[in-house]
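Working notes, beginning with the structure itself.
All of the numbers you see were taken from the coordinates with simple rules; none came from a lab. Worth saying up front: this structure is predicted, and the values here are computed from it rather than measured. Cβ placement follows ideal geometry from the backbone for every residue including glycine, while neighbour counts extend to all protein chains displayed.
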Amino acid sequence: MANYQLSWAWQTAQNELAQALPRRWAHSQGVARAATGLASVVTFDHDLLIAAAILHDVGYAPGLAVTGFHPLDGARFLRDEHQTDDRLVRLVANHTFALLEAEERGLRAELEAEFPIVDDQLLVDALTYCDITTTPDGSPTTALARIAEIVARYGPDTVVGRFIQRAEPEILSTAARIEQALAAQPR
Ligand SMILES: [Fe+2]
């Protein structure tokens, strides 16, 4: 049994983000809505996916940002302050190809050692898909539009800009895998 509750995950994300970073909170809720919509694809551990979706950006919260690398800060916060379910913590730590961004920041070894990627490709893919098809305001978008938006917002020659351009092929194939799985479902 997973030792987390969806209502706890939602409340924790809301406590950290809603007031301090309302736009991140809107985005997080949009990512959770997208995760909810993947019930037909992620039939096992669907609640875990939604919990990871609502919490994935908690590391941006000013009170808990330590390294400034939000997947690592968020995962450490959940592990250390809340003794959160191990797989939930590792999903947050590794969301949306965080290992590649960690590389840009010289934090790859640290991230990998502390939070090994969850051994469930569908869950990892699904979380990335939900993040990358949700705008900063929480509306649905396409992976291509979202990548272009991130490059424009951060600048192509910044840590985040370089990371997202390097991750683009993998992000697009992840999105294609989930879209194929969705299309294969009976309506
Ligand atoms: Fe996100």
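Tabulated data for the structure shown
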item: Those residues of region 86-100 which are surrounded by fewer than 19 Cβ atoms within 10 Å (Cβ to Cβ) and either assigned to a loop (DSSP other than H, G, I, E, B) or among the acidic types (Asp, Glu) (or both), in sequence order; result: 86
item: Lone qualifier among 39, 35, 65, 20 - being within 24 Å of residue 180 (Cα to Cα), among the hydrophobic types (A, V, I, L, M, F, W, C), more than 14 Å from the ligand (Cβ to nearest atom) and touching a helix residue (DSSP H, G or I) at 6+ places or on another chain (Cβ under 9 Å); result: 39
item: Complete set of residues in region 47-57 that are more than 10 Å from the ligand (Cβ to nearest atom) and either more than 15 Å from residue 126 (Cα to Cα) or of a type in the set (A, V, I, L, M) (or both); result: 48, 49, 50, 51, 52, 54, 55
item: Leading residue by the ranking (nearest to residue 71 (Cα to Cα)) among those in region 113-123 that are surrounded by 15 or more Cβ atoms within 10 Å (Cβ to Cβ) and free of Cβ contacts under 8 Å to residues at least 40 places away in the same chain; result: 117
item: Search result, residues across region 68-77 that are over 11 Å from the mean Cα position of the chain (by Cα) and either within 11 Å of the ligand (Cβ to nearest atom) or over 18 Å from residue 99 (Cβ atoms) (or both); result: 77
item: Filtered residues of region 101-112 (kept if surrounded by 20 or more Cβ atoms within 10 Å (Cβ to Cβ) and of a type in the set (A, V, I, L, M)); result: 102, 111
item: Odd one out for residue 116, checked against (1) within 20 Å of residue 42 (Cα to Cα); (2) away from the ligand (no atom under 14 Å from the Cβ); result: (1)
item: Where a residue in region 124-135 is over 17 Å from residue 47 (Cβ atoms) and its partner, wherever it lies, is within 11 Å of the ligand (Cβ to nearest atom) and of a type in the set (S, T, N, Q), with Cβ under 6 Å and at least six apart; result: 128/96; 131/96
item: Where a residue in region 19-32 is under 20 Å from residue 123 (Cβ atoms) and its partner, wherever it lies, is part of a helix (DSSP H, G or I) and away from the ligand (no atom under 11 Å from the Cβ), with Cβ under 6 Å and at least six apart; result: 28/13; 32/50
item: Residue in region 161-174 that is touching a helix residue (DSSP H, G or I) at 6+ places or on another chain (Cβ under 7 Å) and within 30 Å of residue 4 (Cα to Cα) present; result: yes
item: Matching option when the condition is within 17 Å of residue 174 (Cβ to Cβ) and under 14 Å from the mean Cα position of the chain (by Cα), among 128, 141; result: 128
